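The values are calculated or read from the model by the stated rules, or taken from the named source; none is laboratory data. What you see is a predicted model; the values in this text were computed from it and never measured. So basically every Cβ, Gly included, is an ideal-geometry build from the backbone, and we count neighbours across all protein chains shown.
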Amino acid sequence: MHIVIIGSGMAGITLAEALRKQSPDDRLTVLTQETHGYYSRPMLSHGFSREDVETKILLKSFEELEASGIGIQSGTEVLSIDRTAKTVTGRQGRRERVITYDKLVLAPGSAAFIPPPFRSAGGLYRVINSLDDLIGLRRQRARLIETGCTPRWAIVGGGLIGCEVASDLAKAGDRVTLFHALPRLMERQLVEEDSATLLKVLAAMGIDVRLDAGAESFEQHGEKLAIRSASGLETGFDGLIVATGFKPRTELAQAAGLEVKRGIVVDEFLRTSDPAILALGDAAECADGRIYAYVMPIRQQALWLAKYLAGQTSDPWQPPEFKPRAKVHGFTAAHPYLF
Ligand SMILES: Cc1cc2nc3c(=O)[nH]c(=O)nc-3n(C[C@H](O)[C@H](O)[C@H](O)COP(=O)(O)OP(=O)(O)OC[C@H]3O[C@@H](n4cnc5c(N)ncnc54)[C@H](O)[C@@H]3O)c2cc1C
């Protein structure tokens, strides 16, 4: 059987490695647009205070994975799925290739969610969703430091990733202003008391936190960038980072006629509406209507799916008991996180 996996994030690679062990006779191919190797996405938000991050973030090279018997086609963007012919078409550079599958696993992860008002301001802001994003931000930071200035950032979004990135940039010595639309930080993960503690921790790091300050638009003012928010126009930023949530990558599945809601809809066996195609990770909307966009449940999905595809279990996937945790420097929540 030829199992084709789209995506080389935690979902795709954990699955491929487990399948390699459990299904030695199956052919495995991972198609991925990544070129750097398999890296730790959670480490992206701590990518400024550590000098060695660009090497430490790499968990395995694609060559190592190839040597273990997993076919990797890196730098390959999958463009379409033909469910009747059971093929996918991928583009690597200028070359298009058609690959046949017996089972197809969709693990394309998620993109950064960009609120509609910012979409036309494409060149003015950055996101932190992939290693390429981090490399771009680190280069921009290095250029600013070379000219002798302390970089000044505006971060839009006081959720988990926005708070983590703000704390890491401040730890690295930069000036940070954090704009959050709501009256408290990380309101989706923390109880009120912990949001208040988090605010104090960030303020003690020198971060200027603006609550009830939803960003409305971005502007270029000479060399500097400006944000218009509920509290007025503020200029003087060297960089704007938007951290306003994630968007499951559903486009391929949708174009192939699979059922899609917020994510790619799967049943309790992680099967999409086509039984030859399965999905997991940030892109999959599970039978309970939830998207388990965290490392621990995704790892469990991948390990379970390997067993299922190898015919070693017929029990459905059970979401594990887990709570997310923020990696904000110096912050510990006193109460359990919400999920
Ligand atoms: C900054 C940051 C910090 C985080 N911190 C934490 C944390 O501390 N704890 C935690 O539990 N979770 C954390 N998360 C969430 C966690 O990283 C994700 O839930 C997890 O990485 C999702 O894995 P995935 O394999 O589903 O998707 P991804 O990691 O997004 O991988 C999907 C891969 O598919 C590729 N791909 C997509 N479309 C195509 C296509 N058409 N063709 C070819 N390739 C394609 C993408 O390039 C990508 O490499 C964090 C996320 C971010 C962004």
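Quick check on this structure: which one of Thr147, Thr177 is surrounded by 15 or more Cβ atoms within 10 Å (Cβ to Cβ), within 28 Å of Gly123 (Cβ to Cβ) and hydroxyl-bearing (Ser, Thr, Tyr)? Let's see the steps before the verdict.
Numbers: Thr147 fails: surrounded by 15 or more Cβ atoms within 10 Å (Cβ to Cβ).
Just one listed residue meets the conditions, Thr177.
All of (1) modelled with pLDDT of 95 or more; (2) away from the ligand (no atom under 13 Å from the Cβ); (3) of a type in the set (Gly, Ala, Ser) hold for Ser23 with one exception: (1). Considering only residues that are farther than 9 Å from Ser8 by Cα, of a type in the set (A, V, I, L, M, F, W, C) and near the ligand (Cβ under 9 Å from one of its atoms), which ones fall in region 27-51? If the condition is that a residue be farther than 9 Å from Ser8 by Cα, of a type in the set (A, V, I, L, M, F, W, C) and near the ligand (Cβ under 9 Å from one of its atoms), then Met43, Leu44 are the ones that fit.
Assess whether Lys60 counts as being under 23 Å from Ala293 (Cα atoms), outside the structural domain of Ile145 (by TED's automatic domain parsing) and away from the ligand (no atom under 12 Å from the Cβ).
On the way: under 23 Å from Ala293 (Cα atoms): yes; outside the structural domain of Ile145 (by TED's automatic domain parsing): yes; away from the ligand (no atom under 12 Å from the Cβ): yes.
The answer is yes for Lys60.
The requirement of being touching a Leu at 6+ places or on another chain (Cβ under 7 Å), surrounded by 14 or more Cβ atoms within 10 Å (Cβ to Cβ) and aromatic (Phe, Trp, Tyr) is fulfilled nowhere in region 56-68; no residue meets it.
Here are some conditions: (1) closer than 24 Å to Arg20 by Cα; (2) surrounded by 17 or more Cβ atoms within 10 Å (Cβ to Cβ); (3) in contact (Cβ under 8 Å) with a residue 24 or more places away in the chain. Ser229 meets all but one. Which one does it not meet? The single condition Ser229 does not satisfy is (1).
Going by what's in this entry, would Ile99 be described as β-branched (Val, Ile, Thr) and assigned to a strand (DSSP E or B)? Even if it seems obvious, please write down each step before you answer.
Numbers: β-branched (Val, Ile, Thr): yes; assigned to a strand (DSSP E or B): yes.
So Ile99 passes the test.
Among the residues of region 279-302, not a single one is more than 23 Å from the chain's Cα centre (by Cα), buried (at least 16 other Cβ atoms within 10 Å of the Cβ), in contact (Cβ under 8 Å) with a residue 60 or more places away in the chain and not assigned by TED's automatic domain parsing to the domain that holds Ser130.
Residue-level check: of (1) in the same structural domain as Tyr294 (by TED's automatic domain parsing); (2) among the hydrophobic types (A, V, I, L, M, F, W, C); (3) more than 15 Å from the ligand (Cβ to nearest atom), Phe118 misses just (1).
Please verify whether Asp25 is without any contact (Cβ under 8 Å) to a residue 40 or more places away in the chain and within 23 Å of Gly311 (Cα to Cα), treating the condition exactly as stated.
Numbers: without any contact (Cβ under 8 Å) to a residue 40 or more places away in the chain: yes; within 23 Å of Gly311 (Cα to Cα): yes.
Yes, satisfied.
Annotation for region 44-56: no member residue is assigned to a strand (DSSP E or B) and modelled with pLDDT of 95 or more. For region 63-85, the candidate set comprises residues that are closer than 30 Å to Arg262 by Cα and out of contact with any strand residue (DSSP E or B) (no Cβ under 6 Å at 6 or more places or on another chain); within that set, the residue that is nearest to the ligand (Cβ to nearest atom) is Ser74.
Is it the case, given these coordinates, that Met10 is surrounded by 15 or more Cβ atoms within 10 Å (Cβ to Cβ) and without any contact (Cβ under 8 Å) to a residue 24 or more places away in the chain? First the steps, then the outcome.
Details: surrounded by 15 or more Cβ atoms within 10 Å (Cβ to Cβ): yes; without any contact (Cβ under 8 Å) to a residue 24 or more places away in the chain: no.
So Met10 does not fit the description; no.
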